[in-house]
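The values are calculated or read from the model by the stated rules, or taken from the named source; none is laboratory data. All figures in this text were calculated on a predicted structure; none of them were measured in a lab. Reconstructed Cβ throughout: ideal geometry from the backbone, glycine too, with neighbour counts over all protein chains shown. Surface areas here come from the heavy atoms of the whole protein model, side chains and all, with no ligands, DNA or RNA. Shrake-Rupley method; radii C 1.70, N 1.55, O 1.52, S 1.80 Å.
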Amino acid sequence: MKLGLCSWSYHRSLESGKLDFTGLLKICAKELKLGGIDIIADHLPKIDKKSLITYKKMATDLRLTIACLSPGNNFGKSTPEERAKEVQSVKDWLDAGYILGAPVLRIFSGWPLPYEDKEKIWPAMVDCIRECEKKAKETGIVLAIEPHNNNGFLPTSKDTLRLIKEINSEWVGINLDTGNYQDADNYKGIEDTIMYAPHMHAKVHHISDDCKELEFDYDRIFSILKKTDYRGFFSLEFEGQDMNHQDEIKDTPKAVEMLKRYARKYEI
């Protein structure tokens with residue numbers, strides 16, 4: 001297993017201008033001493049070819065792998081025209097991912113609008129992913145669909161398995177976020193779907209001063225990683241739910257230390 005960082009962990013600092021993208025790469029490599037980064041597409045300062053090549057070289061010089069590129073999309077929009085635009089956007093990001101050298105592009109199935117039409121819109125959502133899969137094959141990038149809550153298509157592991165089996169493609173997997181499933185047993189959901197995950201997010205909401213996650217059971221999570229011999233990137237996504245007591249600049253390193261401690265404990 002390899003440890004990385006999702007740039008969302010520093011999104012407040014990036015969006016406020018306190019931290020720039022180059023600085024983020026340096027933090028990942030030199031301060032946090034991580035092996036990879038999952039880049040939220042909105043955090044790229046520029047997306048022209050020359051700039052993307054520059055960012056790739058920066059990461060390479062820092063011995064930092066660009067493990068994943070994560071644009072936003074929504075295949076649950078209500079009209080074919082709107083969905084076609086979302087498909088084209090994902091295809092464009094696959095081209096960007098190819099330049100960056102990212103092996104994985106994280107996407108979403110989306111949020112059906114209205115939610116009551118979930119089953120009605122489901123086939124159209126599947127068609128959108130299949131259309132993107134054609135481009136994924138051309139670029140050699142695996143599409144990793146992130147299960148998501150908040151009235152999305154994939155709130156549970158059961159929904160996620162339904163989609164993966166329906167798509168039935170080696171070019172489509174999941175970005176398995178350890179905090180997103182709304183299953184009765186979130187950890188069983190993780191274990192049931194991890195085989196389809198080329199990339200994972202280590203969700204951290206509340207980190208204590210002694211580097212313990214206060215919401216999720218990371219002993220159980222790491223036991224699953226060990227049992228299933230997960231060997232991909234496990235990228236920290238620090239969210240800091242209680243911003244009265246959470247500071248991403250101060251607390252993200254604590255969360256990284258926690259992940260490193262568990263990796264040592266479970267020898268993975």
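Some points to look at:
- Under 5 Å between amide hydrogens, built in the peptide plane, is the criterion, and for Leu5 it picks out Gly36, Ile37, Asp38, Leu236 among residues at least 5 positions away or on other chains.
- Selection from Val90, Thr65, Phe75, by position along the positive dipole direction of the stretch 1-90 (Cβ): Thr65
- Entry comment: accessible area of the chain is 46 Å² per residue, from protein heavy atoms only and a probe of 1.4 Å.
- Here the chain is assigned +1 on the Cβ of each Lys and Arg and -1 on the Cβ of each Asp and Glu. Its dipole about the Cα centre then comes out at about 1040 debye.
- Environment charge of Asn151, counting only residues whose C-beta is closer than 14 Å and scoring Lys/Arg +1, Asp/Glu -1: -2
- Qualifying GluC sites (Glu not before Pro) in the stretch 208-268, where qualification requires a DSSP coil assignment and no more than 10 other C-beta atoms within 10 Å, comprise Glu267.
- Summary: within the chain, the longest segment free of trypsin sites (Lys or Arg not before Pro) located in DSSP loops with at most 13 other C-beta atoms within 10 Å is 64-211.
- Dipole check for the stretch 1-59: with +1 at the C-beta of Lys and Arg, -1 at the C-beta of Asp and Glu, and the Cα centre as origin, the magnitude is about 280 Debye.
- Karplus-derived 3J(HN,Hα), 6.51/-1.76/1.60, for each residue of the stretch 208-219, Hz, glycine and proline x: 7, 5, 9, 6, 10, 7, 9, 10, 9, 8, 6, 4
- Cα gyration tensor shape for the stretch 167-224, rounded if a/c is under 1.5, else prolate or oblate: prolate
- Since only Asn168, Phe21, Ile194 are under comparison, the one whose Cα sits farthest along the positive direction of the charge dipole of the chain, derived from C-beta charges on Lys, Arg, Asp and Glu, is Phe21.
- Surface share of carbon and sulfur [accessible, 1.4 angstrom probe, percent] for the stretch 159-268: 47 percent
- The stretch 57-73 - phi-based ³J(HN,Hα) in whole Hz, Karplus 6.51/-1.76/1.60, Gly and Pro as x: 5, 4, 5, 4, 4, 8, 6, 10, 7, 7, 7, 6, 10, 10, x, x, 7
- Across the chain, C-alpha contacts under 8 Å between residues 6 or more apart give a mean separation that, scaled by the residue count, equals a relative contact order of 19 percent.
- 222 nm mean residue ellipticity, helices alone, for the chain (DSSP H n ≥ 4; -39,500 (n - 2.57); rounded to 500): -13500 deg cm²/dmol
- Only Lys, Arg, Asp and Glu carry charge here, each on its Cβ (+1 for the first two, -1 for the last two); on that basis the stretch 115-241 has a dipole of about 480 debye about its Cα centre.
- Cα gyration tensor category, rounded, prolate or oblate, for the stretch 1-134 with a/c compared to 1.5: prolate
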